1. Scan region 51-63 and tell me whether some residue there is at pLDDT 95 or above and within 28 Å of residue 12 (Cα to Cα).
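The values are calculated or read from the model by the stated rules, or taken from the named source; none is laboratory data. Remember, it's a predicted structure, so these values are computed and weren't measured experimentally.
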Amino acid sequence: MMNKIINGGYLSGRKTYVISGIGIVSAIGAYLIGEQDLFSMLQTIFMLGGIYFLKQESSTKGKK
């Protein structure tokens, strides 16, 4: 049990995807409540989306 918690368990290897998803949701939320303007929201979404796709590309590189 403790080993799963230390090594990440189910989320092992998926932390980047989770953080990107949470960041995108929080950027949309900040826009909806008026903390960010449209440009800032889109900039954040594209940056976090780029991190997501770069991670996905590097993790599948070399697998056939």
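1. No; the residues of region 51-63 include none that is at pLDDT 95 or above and within 28 Å of residue 12 (Cα to Cα).
Conditions (1) at pLDDT 95 or above; (2) among the basic types (Lys, Arg); (3) part of a helix (DSSP H, G or I), marked per residue:
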residue	(1), (2), (3)
3	no, no, yes
6	no, no, yes
10	no, no, yes
13	no, no, no
18	no, no, yes
22	no, no, yes
29	yes, no, yes
36	no, no, no
47	no, no, yes
